[in-house]
Amino acid sequence: VGNYKRTVKRIDDGHRLCNDLMNCIHERARIEKVYAQQLTEWAKRWKQLVEKGPQYGTVERAWCAFMSEAEKVSELHLEVKGSLMNEDFEKIKNWQKEAFHKQMMGGFKETKEAEDGFRKAQKPWAKKLKEVEAAKKAYHAACKEEKLAISRETNSKADPALNPEQLKKLQDKVERSKQDVLKTKEKYEKSLKELDNATPQYMENMEQVFEQCQQFEEKRLRFFREVLLEVQKHLDLSNVASYKNIYRELEQNIKTADAVEDLRWFRANQGPGMSMNWPQFEEWSADLNRTLSRREKKKASDGVTLTGINQTGDQVSQPNKHSSSLSVQSNTVQSVQSSYNPFEDEEDTGSTVSEKEDNKIKNVSSYEKNQSYPTDWSDEESNNPFSSTDANGDTNPFDEDTPPAMEVRVRALYDYEGQEQDELSFKAG
C-alpha cells in the first residue's frame with residue numbers, strides 16, 4: 001500500500017529531467033559560442049601578424065588560409081549554437097509546457113491525476129487488507145490466551161492447595177479461549193478469502209492507472225530520444241558539406257604554396273631583378289640655393305639636438321626607402337629631414353616619430369616585413385653616431401639613455417660640409 005508513489009514521483013522527475021536537458025544544451029551552446037569567438041579573435045590577430053610579418057608570396061597565402069578556415073569554422077559553430085538554442089532548446093521548452101500543467105496550489109495536474117487514480121484503485125483493497133491485519137492480530141491474541149490458560153490449568157492440577165471451584169474456573173477459561181481461537185481463526189480466514197477475491201480486481205484497476213503513467217513516460221522517453229538525435233545532427237559537422245569544403249579548400253591553398261615561385265618573386269622585387277635608380281647628373285637650381293640660404297640662417301645655433309631617428313617604408317613595394325627625423329635647436333626646435341638616400345625619389349618625404357609609433361604592430365612574433373634597411377654608406381661607418389646595430393633597424397640608440405621628450409646635445413666627431421639643401425655643415429668637436 002502506498003508504493004504507487006514511486007510511479008507518481010516519476011512524473012515529477014520527468015519535468016525536472018526536461019530542465020536538466022535544457023540546461024545541458026544551453027551550456028553546450030555557450031561553449032560553441034565562446035569557441036567561435038575565440039576562433040575569430042585568433043584568426044584576426046594572426047592574420048594581422050602574418051600580413052605585417054616577413055613572410056611573403058604563396059607561403060604567406062597558405063598560412064593565411066588557416067585564418068580563413070578559422071573564420072569559416074567559427075561561423076559554422078555559431079550556426080551550431082543557434083540550432084541548439086533556437087530549435088532544440090525551444091522544442092524541449094514547448095514540449096514541457098504542453099506535457100506538464102501546473103496547478104494553482106502547487107504540483108502538476110498529471111501528478112495529481114495519477115495519484116488520485118492509484119488511491120481510488122487501492123482504497124477498497126487497502127480496506128480489506130486492514131481487516132485481514134486486524135483479524136490476524138485477534139487470532140494470534142486468542143492463540144496466546146489459549147496457551148496461557150492451558151498452562152495455568154496444568155499447573156493448578158499439581159497444586160493441592162487449590163480448591164475445586166478455582167480449578168473449575170481455570171478449566172472454563174481454557175474452554176472459552178479455545179472457542180475464541182476458533183472464532184478469530186474463522187474470521188481471519190474469511191477476511192483473508194475476501195481479500196484474495198478482491199485482489200484480481202485490485203490488480204486490474206491499479207495496472208490500468210499504471211499503464212496510463214507508462215504511456216505518459218513513454219512519450220517523454222521517445223521525445224528525449226528524438227531531441228537527442230537532433231542535437232547529434234546539429235553537433236556533427238562531419239556530415240556538413242560546407243565543413244568538408246573548408247578543409248578541402250585549405251588543403252588546396254596549402255598545396256599551391258610554391259617555393260620556386262616565391263624565390264622568383266623575391267628576386268624580381270627585392271633582388272637583382274628589381275628596378276634600379278642609378279645616380280644621374282643633376283643641374284644646379286636657383287630654388288635650391290635660396291632654400292639653402294634660409295637653412296643656413298637657422299643653423300646659427302649652439303648645437304644639434306637629436307629628437308628621433310625613424311626608418312620606415314614599404315619594404316615590399318619600395319624596398320630602398322627610408323628617412324630620419326632630426327631637429328635643430330635654435331630659439332625653437334625645428335624639424336628637418338635628413339639622411340638623404342641617393343636611390344630615393346625626390347618627391348618622397350620622411351615620416352615623423354609619431355607616425356613611427358602609430359605604425360608599430362604589437363605582438364609581432366619576429367619582425368615586420370615592412371621594415372626598412374639603411375641605405376646610407378660611409379667610409380667611416382663605425383664612427384657614425386646615427387648608425388644602429390639593431391637587427392630590426394627601427395630603434396634609436398639614443399633612446400636607452402634619454403627619454404624621447406628630452407633634447408640632447410651631441411658632439412661632431414669629424415668635419416663635414418653639407419652637400420645637399422637639407423644637410424648640415426659642422427666641424428669636429
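The values are calculated or read from the model by the stated rules, or taken from the named source; none is laboratory data. Just so you know, these numbers come straight off a predicted model, no measurement behind them. With ideal geometry, Cβ positions are generated from the backbone for all residues, glycine too; neighbour counts draw on all protein chains shown. Remember, those area values only see protein heavy atoms, side chains included, never the ligands or the DNA or RNA. Shrake-Rupley method; radii C 1.70, N 1.55, O 1.52, S 1.80 Å.
Would you mind getting me the FRET efficiency between ASP415 and ASP287? Use the beta-carbon distance for r and R0 = 30 Å, nearest 0.05.
Details: r = 28 Å, r/R0 = 0.92.
The computed FRET efficiency comes out at 0.60.
Setting aside same-chain residues fewer than 8 positions from LYS52, which lysines have a Cα under 24 Å from its Cα?
LYS44, LYS72, LYS255, LYS321, LYS356, LYS360, LYS362, LYS369
In nm, to one decimal, how far is the modelled label at ALA134 from the one at LYS9, with both set 7 Å along Cα→Cβ?
Inter-label distance under the simple model: 3.1 nm.
Please find the FRET efficiency linking ALA126 to ILE150, where r is the Cβ-Cβ separation and R0 is fixed at 22 Å, and quote it to the nearest 0.05.
Values: r = 37 Å, r/R0 = 1.67.
E between ALA126 and ILE150, to the nearest 0.05, is 0.05.
By how many nm would the segment from GLN252 to GLU407 lengthen if fully extended, with 0.36 nm per residue of separation less the alpha-carbon distance?
On the way: separation 155, 0.36 × 155 = 55.80 nm, distance 5.58 nm.
That works out to 50.2 nm of additional length.
How would you rank 22-31, 242-251, 271-280, highest first, on the average number of other Cβ atoms within 10 Å across their residues?
On the way: 22-31: 15.7, 242-251: 13.6, 271-280: 8.7.
Result, highest mean Cβ count within 10 Å first: 22-31, 242-251, 271-280.
Note the full-extension length gain between GLU204 and GLN38 as 0.36 nm times their separation in residues minus their Cα-Cα distance, in nm to one decimal.
53.7 nm
Determine, for each peptide in 36-42, 264-270, 82-88, the mean count of other beta carbons within 10 angstrom over its residues, then list the peptides with the highest first.
Values: 36-42: 16.1, 264-270: 14.3, 82-88: 17.7.
Descending mean neighbour count gives 82-88, 36-42, 264-270.
Given a Förster distance of 25 angstrom, what is the FRET efficiency for LYS183 paired with VAL1, based on the Cβ-Cβ distance and rounded to 0.05?
Numbers: r = 27 Å, r/R0 = 1.08.
Efficiency, rounded to the nearest 0.05: 0.40.
What distance in nm separates the simple spin-label points at LEU263 and ARG16, each placed 7 Å from Cα in the Cβ direction?
With each label point 7 Å from Cα toward Cβ, the separation is 7.1 nm.
Leaving out ligands, DNA and RNA, what percent of the accessible area of segment 4-252 is carbon and sulfur, probe 1.4 Å?
Working: 8860 of 16700 Å².
Answer for segment 4-252 is 53 percent, counting heavy atoms of protein chains only.
What is the gain in length, in nm to one decimal, between GLN171 and ASP422 on full extension, counting 0.36 nm per residue of separation less the C-alpha to C-alpha distance? Kindly include the intermediate steps, with their values, before the conclusion.
Details: separation 251, 0.36 × 251 = 90.36 nm, distance 14.70 nm.
Going from the current span to full extension adds 75.7 nm.
Would you mind pulling out the separation of the Cα centroids of segment 185-248 and segment 111-136, in Å?
Taking the Cα centre of each part, segment 185-248 and segment 111-136 sit 25 Å apart.
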